[in-house]
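Engineer: Please read through the structure below; I'll follow up with questions.
The values are calculated or read from the model by the stated rules, or taken from the named source; none is laboratory data. For clarity, every value in this text was computed on a predicted model and none was experimentally measured. Counting neighbours? That spans all protein chains shown, and the Cβs are built from the backbone with ideal geometry, glycine included.
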Amino acid sequence: MTTIEKTVNEATVTNVEVANDGVIVASTTAANGKAVKGERIVTEGKYSHRVKLEHAVAVEVLVGKTRKEYFADYSVNLKKSAEGTLQMCRTVYEASRMLGADEFDAFCKQIGYKDSSSTIRKFVAIGKVYPRLIKYAESLPIGWTNIYTLTQIAADDFDDMVKRGFEFKNLKGGDLKLLLEKTKNLNNTNGLFKLHKKWLTYNAGHICFTKVPDDRDWRLIEKAFEELSARLPVKFVMNKEQADVFNNRRKAMYEVAKLEEEDAATKPQMWDYGVTANGIIEECAA
């Protein structure tokens, strides 16, 4: 809600409310100063907004250059940006080597990170390779995440690309993926799994239905998961929102079943435990 004043048909518009479509719906006060109770009018109006910094800057008078000159300037600045990234990471690397644990932790907090964060780990990795990378700063990408990826490719691949005069900033995602595949240690699978802090599990993927599941599909996959969890050191975490819907539907069907078959509670074969469990119950009953 905002308040403006505007004369419309000899009345003053106040208490203006702007609708979603931009039309202003307003209450009015008559020319004699008395409020017009219950009267609402629709009028087109203009209202101000704060100016963006982009639009607040005046257009400058520039001295023109040739395309070649603009490209040269861009290339120089690009090199400076890459050099700045490398030097920043070198500082973090040197601090990690020369400061004590408490001092380095305090340093990391000063620059906005935890000393155990993956960002600091990557800064340190880039800083360590600084002597080899700085010579090729003009061919490197600007972003530190892309530069870090280069530190993870095979050393001989890097040297070969340098000999061929390859522009590292032109590397595409698919090319990088192929280069990174070469350095994977097949003897150690620990790096493939990260600990999920909430569930304390090592995630291996996602379970996906190939069709929209109904109640029976959902119950069958739950049974399959229960069987696998009993035999293997695995845990299945279902989507809570989806699970709640099917669980509520199951409860509703259970209440209906109680009314339709009153003696169902005395028949284990009708309980939803699955064939194996029901078989054991029947054997015990015998």
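Here's the yes/no breakdown for (1) crowded, with 18+ Cβ neighbours inside 10 Å; (2) of a type in the set (Val, Ile, Thr); (3) over 28 Å from ASP157 (Cβ atoms); (4) over 27 Å from the mean Cα position of the chain (by Cα):
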site	(1), (2), (3), (4)
ALA82	yes, no, no, no
MET88	no, no, no, no
PHE104	no, no, yes, yes
LYS109	no, no, yes, no
GLY112	no, no, yes, no
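Engineer: Looking at (1) within 25 Å of the chain's Cα centre (by Cα); (2) assigned to a loop (DSSP other than H, G, I, E, B); (3) aliphatic (A, V, I, L, M), which is the only condition VAL212 fails?
Structural biologist: All conditions are met except number (1).
Engineer: Give the range 206-261 a look and list any residue that's closer than 29 Å to HIS196 by Cα and of a type in the set (Val, Ile, Thr), or say none.
Structural biologist: ILE207, THR210, VAL212, ILE221, VAL234, VAL237, VAL245
Engineer: Taking the range 61-75, which residues are of a type outside the set (A, V, I, L, M, F, W, C) and not in a helix (DSSP H, G or I)?
Structural biologist: Matches in the range 61-75: GLY64, LYS65, THR66.
Engineer: Looking at THR119, THR149, can you tell me which residue is more than 18 Å from LYS80 (Cα to Cα) and crowded, with 18+ Cβ neighbours inside 10 Å?
Structural biologist: The unique qualifying residue is THR149.
Engineer: Related question: With more than 28 Å from TYR130 (Cβ to Cβ) and at pLDDT below 80 as the only criterion, which of ASP272, ASP175, ASP244 stands out?
Structural biologist: It is ASP272.
Engineer: Taking VAL124, is it out of contact with any helix residue (DSSP H, G or I) (no Cβ under 6 Å at 6 or more places or on another chain) and in contact (Cβ under 8 Å) with a residue 24 or more places away in the chain?
Structural biologist: So VAL124 fails the test.
Engineer: Here is a further query. I need a count of the residues in the range 208-241 that are of a type in the set (Asp, Glu) and exposed (fewer than 12 other Cβ atoms within 10 Å of the Cβ).
Structural biologist: 2
Engineer: For residues in the range 130-150 being free of Cβ contacts under 8 Å to residues at least 40 places away in the same chain and touching a Phe, Trp or Tyr at 6+ places or on another chain (Cβ under 9 Å), which is farthest from GLY173 (Cα to Cα)?
Structural biologist: For the range 130-150, the residue satisfying everything is ARG132.
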